[in-house]
């Protein structure tokens, strides 16, 4: 009889534990996100000239890149040539070593070659056109670009080149004020003897300009060249911290005795883009109930030097949950300004009790910031009383059963 009573007690205890486990165990359900990756076309290649229109002084040479973008899956061989050019100009297409008539462009890569034009004598003021053509070897893709060279009077104060030539393919660079800019400049001696050329820079106040060899981190202020030798020099420019948006000219000069030349560079500062986000208390957690909205406020601050425009919000939430924002988007935040946003989070009506993660991506013009909120779903009051009632009934039943079995 005693063994029977103990067996009944074990069965009832197991049933009690199972009911409690089902009432108190949370289950998290997160929706899956899938991204479909688009496919590239079999063949797609484009040709572009670096500067379709350039302005030079009389006797000044022209040099720029011709760029090929292969956006397809197939490698391409492209023929390229100068179809027409003005009289009294010598023009060619070359690499850094020799002239070429074609270029191989692997899939998903960009290749550049150099267009170079030299006037045979001092040219009259006016406009001169060069027609550049290209095609793939099978003739399926044909290209035609025009380079317009405008010969104008030299600006006052410009140094006339003599005995040395300076060339740069990218005289204008653009970026934020916290970036480090690097120009590539070719120094070519036109002297018939070895010489040491001094390098100097004229730049905005507070800016730093250094000269260094390519691919090396050491600085110098002069360079030794043999007769008719050329050397590539990297010009490293560091803007003044928090420089305002705008255009900043930089003049690089090279001299050795009577030999001298200069090149004008330009940096366009776009400002820095940075966002800071959080809650006033620093807490990223809140409580909610099934099917009931819960609110939490967070701030967004522009910690950069440029305005941040068209700020949107994207939520990453469990399946069947709802997340709304007030306001839905912010047109712009000026540097140093702060905006407050309210997130309204509504759990699924059948969400189980427990902790869930809700992510928020704050996407600005050129920068984004992520926040992750922990949402604790509490049972509704009705279910709480139902659970308590079930436990009371179970406990009462067990007590009555134990008393009945005790009498026997």
re segment 156-271: pairs of Cα atoms spaced beyond 22 Å account for a percent value of 33 percent
Contour minus Cα-Cα span, residue 286 to residue 245, at 0.36 nm per residue, comes to 10.7 nm
Here, residue 182 and residue 140, labelled 7 Å along Cα→Cβ, have an inter-label distance in nm of 3.8 nm
Simple SL model, points at 7 angstrom along Cα→Cβ for residue 370 and residue 97; separation in nm is 4.7 nm
Here the gain from full extension of residue 279 to residue 77, 0.36 nm per residue of separation minus their alpha-carbon distance, amounts to 67.1 nm
re the chain: pairs of Cα atoms spaced beyond 37 Å account for a percent value of 55 percent
Relative contact order in percent for segment 156-271 (Cα pairs under 8 Å, 6+ apart) equals 38 percent
To the nearest 10 degrees, the tilt of helix 381-407 (Cα long axis) against the first principal axis of the alpha carbons of the chain is 40 degrees
Note on segment 275-378: contact order normalised by length, alpha-carbon pairs under 8 Å, 6 or more apart, percent, works out to 37 percent
Computed curve, segment 236-387, Cα-only Debye sum without solvent term, log₁₀ I(q)/I(0) at 0.15 Å⁻¹, is -0.83
In degrees rounded to 10, the 0-90 angle between helix 2-24 Cα long axis and the longest Cα principal axis of the chain is 40 degrees
Two pseudo-spin positions, 7 Å from Cα along C-beta at residue 67 and at residue 173, lie apart in nanometres by 1.6 nm
Contact order relative to length for the chain, counting C-alpha pairs under 8 Å separated by 6 or more residues, stands in percent at 12 percent
In nm², the average projected area of the convex hull spanned by the Cα atoms of segment 41-154 is 7.0 nm²
The extension gain from residue 193 to residue 87, computed as 0.36 nm times the residue separation minus the Cα-Cα distance, is 34.9 nm
Residue-normalised 222 nm signal for the chain, counting each DSSP H run of n ≥ 4 as -39,500 (n - 2.57), nearest 500 deg cm²/dmol, is -4500 deg cm²/dmol
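A short reminder: the numbers here are calculations on the coordinates, not readings from a lab. Keep in mind the model is a prediction, meaning the values are calculated, not measured. A quick note on method: Cβ atoms are made from the backbone with ideal geometry, for glycine too, and the neighbour counts reach across all protein chains shown.
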